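The values are calculated or read from the model by the stated rules, or taken from the named source; none is laboratory data. Quick caveat: nothing in here was measured; it's all calculated off a predicted structure. Here the Cβ is made from the backbone with ideal geometry for all residues, glycine too, and neighbour counts use every protein chain on show.
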């Protein structure tokens, strides 16, 4: 399950997850992954770490982050929340980041495990009267266990507003006929500036970024079984099944048909 920051209205969300977002993204929230099994290579800005069972990964606000899952997809807990819920750590979240986003073995801490269980339960129950106060209480306990383990360094946020706009536009329009030129026209930026943001800040080119989002959505549609492969191709923005098959194979290492057949056996 994935959360897209543009569409979130609640200051807090928590769920069990299997598989993580492969395209670079950033937002104003804190994102935490607690891995129970499997593994993923997680990226936060220029840091990459291997997250395995028992580990916790935390991306601070406005850190560019994404995940490349291993052969055994990671399963665990995904937590996203507004830093406004923890004013006690407001200065840290605003001005600092961990030198490494990996908290090795932190998920084995019984207190951390309890907090994560309760946060998922609170989000599932969605009691408007108690959700935020209870979530805040468990988040405070959770980060009181994590923050002392971190070596904090000053955060340097450059081009953050422009990156937000680029990612927002791509997220809202990736299933349409989108190009670097349409992006530049819509945001009143030069193609050079946008290409520089993708290359230097996101470490991916524009076409690969759009394809990553399209293929992720295609996998969701293929898993649902409601659409044919041709219908999926057009639904996610491709104008031919040939282009869809080529891009899908590049990202997933198999054709859409092979992927669907394999998923049915799982």
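Computed values, structure above
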{"item": "Test result for residue 154, in contact (Cβ under 8 Å) with a residue 40 or more places away in the chain, under 22 Å from the mean Cα position of the chain (by Cα) and within 30 Å of residue 76 (Cβ to Cβ)", "result": "no"}
{"item": "Selection count where residues are under 18 Å from residue 45 (Cβ atoms) and touching a helix residue (DSSP H, G or I) at 6+ places or on another chain (Cβ under 7 Å), scope region 69-91", "result": "1"}
{"item": "From 201, 214, residue being crowded, with 17+ Cβ neighbours inside 10 Å and more than 29 Å from residue 264 (Cβ to Cβ)", "result": "201"}
{"item": "Hey, residue 208 over 14 Å from residue 23 (Cβ atoms) and either within 22 Å of the chain's Cα centre (by Cα) or assigned to a helix (DSSP H, G or I) (or both) or not", "result": "no"}
{"item": "Pairs with Cβ under 9 Å, 6+ apart, first in region 193-208 and on the phi > 0 side of the Ramachandran plot, second exposed (fewer than 14 other Cβ atoms within 10 Å of the Cβ)", "result": "203/46"}
{"item": "Qualifying positions in region 36-48 - over 18 Å from residue 18 (Cα atoms) and in a strand (DSSP E or B)", "result": "44, 47, 48"}
{"item": "Test: residue 231 is outside any loop (DSSP other than H, G, I, E, B), more than 18 Å from the chain's Cα centre (by Cα), without any contact (Cβ under 8 Å) to a residue 24 or more places away in the chain and under 24 Å from residue 68 (Cβ atoms)", "result": "no"}
{"item": "Residue count, region 61-77 (criterion: modelled with pLDDT under 95, in contact with a strand residue (DSSP E or B) (Cβ under 6 Å, 6 or more places away or on another chain) and surrounded by 17 or more Cβ atoms within 10 Å (Cβ to Cβ))", "result": "6"}
{"item": "Residues that are modelled with pLDDT under 95 and surrounded by 17 or more Cβ atoms within 10 Å (Cβ to Cβ), drawn from region 31-46", "result": "38, 39, 40, 42, 43, 44, 45"}
{"item": "Hits in region 246-263 (condition: without any contact (Cβ under 8 Å) to a residue 12 or more places away in the chain and on the phi < 0 side of the Ramachandran plot)", "result": "246, 249, 254, 255, 258, 261, 262"}
